[in-house]
Amino acid sequence: MLGSDQQHHTQWLSEEESADIMAPSSPPKKKSMERLSRLFQKKSKHKKSLTEEDTPLPEPPMYSSSVSRHSSLHSTQSSIPSRFNSTSKKGGGDTLKRLASLRPSNKSVSELQQELEQKQRLLEQLHEEKRHHTQDSHRLAQELQRLQQRTQDRIESTQQLQTHYDTHLSSLRATPDDLQSVRIKIIHIQQAITDLADRLVPHASPDTTCHALASFWLNLRHVIEPMCPLTPTYIRHLTEKFIMDVLVQNFNLSEIAGCACSDDYAQLALWFLDHDTDDTTTKDNDDDNTNNINNNDLSDAMVFSIRLRQQVAFTVVAAQQHKDTIKQDLQQVVQNHWKYLYGGLAKAYPYIYHHDTSLETEVDKHFGAQIQGLVEQAVALGFAIKGLEVDITAADVQEGTQRLDLALMDDLLGNRSGIIQFCISPPFRIFNQAEPLVKGKVLCSPLP
């Protein structure tokens, strides 16, 4: 340890001092003089070194690549503060702009005070307008809610009135049918007639069937006979025409089946129509935008005639349940129509009589049973039509002279124009309505 301390102290001495220490001891007086001289020498050397430091240093030499890498790192580190300085400059620019905006302008204090007061008044005015608009919006919202509630109440009241009105009308009708159900039943009868004709056509005889069909209509005999032998299409359609011409008599408004005073009612109804002085009864309503029946278009005489017909039909339908006389009258009407139809069809198709008497043992499959079902449907539909509060009639078609009207009827052969040659099924129309309830079916010949 001592050796190391001694070595450490020798590092802080110069070579001369170390030599003096290491030299053999000299007399004390001489040694002190030498020390003083060395001290003066050291001071002069120290001054010399200070003067040398004041002189400029030579330029550093070029270093290797390791030195350049160090310098590039130093340059990169020195560039980072510059970016912060640029950012701080931008922020400082915005701050300066804001501070510049706060600089006092050239306006006087009174002008600034006046401008402030104006803006305050404008702000108060806007607040007041906002308050008024808020109040108006709230008031209108409440009013809208009241109107919506009133509208909903009126809709419910209207529906309730409509329900009561429909119930009242239903109570006056002979059957529960309305216009829509009557329309569907008419279409069903047309289809049932077509099914019966399709069943009969395979058993047609070229001579017998054609001459029998020609004899059914005196006004068309001269038209049908030159066409014989008829094609199966014409045989089927003329058979449909014969059946419909018989059944449509049940839809005649002036004839009520089962009513002993039917003729008297017909005369009374015609008398009212002949003595009706209201001209509106003779005008058709050409408004196609509505399908509703407006009874205001009917005269008082016509309304009374319709109401009387409804009451008669209602009474007959209700009385047949417990009045044997009315029930027998209705059965007689059905039987008369059945005889006429069955007799005429048996004349045109002799096969049906042979089928019903010899070939078929089940009565439900007889042609006679099918014909009777058609007649009963037509009689029931007749009461439904007569029980309505409107007049539904089979339109009159002038065969041989009237032109095809596609709005009222369709040509079964697909013609778009021509003269009506045969009316297979008439169009059913409602009084004061231009659009038919059910379109008619016709066969047309080309225009001359």
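Derivation of every value follows stated rules applied to the coordinates shown; laboratory data play no part. Not measured: the values here are computed from a predicted model. Virtual Cβ from ideal backbone geometry, glycine too; neighbours counted across all protein chains shown.
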Legend entry - Total charge dipole magnitude, region 356-448, about the Cα centre, Cβ charges on Lys, Arg, Asp, Glu only, Debye to nearest 20: 380 debye
Inset, instruction - Could you check the simple spin-label distance between residue 117 and residue 323, using points 7 Å along Cα→Cβ, in nm with one decimal? - result: 10.1 nm
Inset, instruction - Report the extension gain between residue 396 and residue 233 in nm, rounded to one decimal, defined as 0.36 nm multiplied by the number of residues separating them, less their alpha carbon distance. - result: 56.3 nm
Inset, instruction - Sort region 361-422 into rounded, prolate or oblate with this rule: let a ≥ b ≥ c be the square roots of the eigenvalues of the Cα gyration tensor; rounded if a/c is under 1.5, and if a/c is not under 1.5, prolate when a/b is larger than b/c, oblate otherwise. - result: oblate
Legend entry - Dipole axis of region 302-448 (+1 Lys, Arg; -1 Asp, Glu on Cβ), positive-most option in 359, 422, 304: 304
Inset, instruction - Tell me the Kirkwood hydrodynamic radius of region 98-232 in angstroms, computed as one over the mean inverse distance between distinct C-alpha pairs. - result: 25.6 Å
Legend entry - Förster radius 22 Å - calculated FRET efficiency between residue 261 and residue 169 (Cβ-Cβ, nearest 0.05): 0.35
Legend entry - Length added when fully stretched, residue 332-residue 131, from 0.36 nm per residue minus Cα-Cα: 63.8 nm
Inset, instruction - Assuming a ≥ b ≥ c are the square roots of the Cα gyration tensor eigenvalues, decide whether region 345-448 counts as rounded (a/c under 1.5), prolate (otherwise, with a/b larger than b/c) or oblate. - result: oblate
Legend entry - Cβ crowding within 10 Å averaged over residues, with 353-366, 255-268, 195-208 ranked highest first: 255-268, 195-208, 353-366
Inset, instruction - May I ask you to derive the FRET efficiency for residue 360 and residue 195 from their Cβ-Cβ distance with R0 = 25 Å, giving the value to the nearest 0.05? - result: 0.90
Legend entry - Of 365/441; 185/347; 323/386; 339/365; 185/241, pairs whose Cα-Cα distance is over 22 Å: 365/441; 185/347
Inset, instruction - For residue 376 and residue 340, compute 0.36 nm times the residue count separating them, minus their Cα-Cα distance, and round to one decimal in nm. - result: 11.6 nm
Legend entry - Distance between modelled label sites at residue 205 and residue 154, nm, 7 Å Cα→Cβ extension: 7.3 nm
